[in-house]
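The values are calculated or read from the model by the stated rules, or taken from the named source; none is laboratory data. Keep in mind that this is a model prediction, so the values were computed, not measured. Cβ placement follows ideal geometry from the backbone for every residue including glycine, while neighbour counts extend to all protein chains displayed.
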Ligand SMILES: Nc1ncnc2c1ncn2[C@@H]1O[C@H](COP(=O)(O)OP(=O)(O)OP(=O)(O)O)[C@@H](O)[C@H]1O
Ligand SMILES: [Mg+2]
């Protein structure tokens, strides 16, 4: 469903060129939950931005649901991103003065949808992410874990093709992190949500079906839960 074909990405700072992605190949199936790991600066967030159509590759192709992202006009890519891509970030990125409900309704508004018609859907999401009773609370008054629940509901309320999560548990303690990972797993399991999650944390990566290891701008290793040495791999990683 997601195909990344020989993608490179270069950044220029003045005359100086940095080659961040150096030929990335990746296939992600519909309904898969994939974790991307790798050292700081290896290009994980850059790849996620390209997958989400926030930026374009220098060379190579990205295909999502048979749509070639690089062939789209800027305007079409914006609409595609709004409808097909859900984003979750480490620092939640909610609108602090809006309420829980208003934050979740936001992407529907942005897409010109009347929230009156979507009240039931929004309420269902509030229930699913465990925020009942907090509907009218301003986002800035919530704990980190609660804010990330709002961010997840906001990302998924449009029923996107894929959820892209960049270190979604990076700011949370272990208990809160596990709650968020359990919630993501639930969307993956119960709603077949395709998820691509970047993480530094092997504990978080262990919730995914497959772990992709990045190094120096390319995919270095992959291990799938189905592989016989998966448990050993995780144990080694943690050692
Ligand atoms: N817009 C940009 N302009 C210039 N350089 C950039 C830009 N975005 C990223 N880079 C550079 O690309 C490299 C990879 O950055 P990226 O954020 O993708 O790494 P990462 O793997 O997500 O790292 P981390 O684990 O620290 O989040 C870094 O050297 C960074 O400085
Ligand atoms: Mg990053």
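Looking at region 41-76, which of the residues that are within 16 Å of ligand 2 (Cβ to nearest atom) and touching a residue at least 60 places away in the same chain (Cβ under 8 Å) is farthest from residue 216 (Cα to Cα)? Walk me through it before giving the result.
Applying the first criterion (within 16 Å of ligand 2 (Cβ to nearest atom)) to region 41-76 yields 41-52, 54-55.
Right, trim to touching a residue at least 60 places away in the same chain (Cβ under 8 Å) and you get 42-45, 47-48, 51-52.
Details: 42: 5, 43: 8, 44: 10, 45: 13, 47: 12, 48: 16, 51: 18, 52: 21 Å.
Ranking the qualifying residues of region 41-76, first place goes to 52.
Please work out if residue 54 is at pLDDT below 95, touching a helix residue (DSSP H, G or I) at 6+ places or on another chain (Cβ under 8 Å) and either surrounded by 12 or more Cβ atoms within 10 Å (Cβ to Cβ) or on the phi > 0 side of the Ramachandran plot (or both).
yes
Confirm whether residue 133 is part of a loop (DSSP other than H, G, I, E, B), at pLDDT below 95 and surrounded by fewer than 12 Cβ atoms within 10 Å (Cβ to Cβ). Talk me through it step by step, then tell me what you get.
On the way: part of a loop (DSSP other than H, G, I, E, B): yes; at pLDDT below 95: no; surrounded by fewer than 12 Cβ atoms within 10 Å (Cβ to Cβ): yes.
For residue 133, the condition - part of a loop (DSSP other than H, G, I, E, B), at pLDDT below 95 and surrounded by fewer than 12 Cβ atoms within 10 Å (Cβ to Cβ) - is not met.
Is it the case that residue 41 is within 13 Å of ligand 1 (Cβ to nearest atom), surrounded by fewer than 21 Cβ atoms within 10 Å (Cβ to Cβ) and more than 29 Å from residue 109 (Cβ to Cβ)? Reasoning before the result, please.
Details: within 13 Å of ligand 1 (Cβ to nearest atom): yes; surrounded by fewer than 21 Cβ atoms within 10 Å (Cβ to Cβ): yes; more than 29 Å from residue 109 (Cβ to Cβ): yes.
For residue 41, the condition - within 13 Å of ligand 1 (Cβ to nearest atom), surrounded by fewer than 21 Cβ atoms within 10 Å (Cβ to Cβ) and more than 29 Å from residue 109 (Cβ to Cβ) - is met.
Considering only residues that are surrounded by 12 or more Cβ atoms within 10 Å (Cβ to Cβ), more than 16 Å from ligand 2 (Cβ to nearest atom) and more than 18 Å from residue 64 (Cα to Cα), which ones fall in region 6-22?
10, 19, 22
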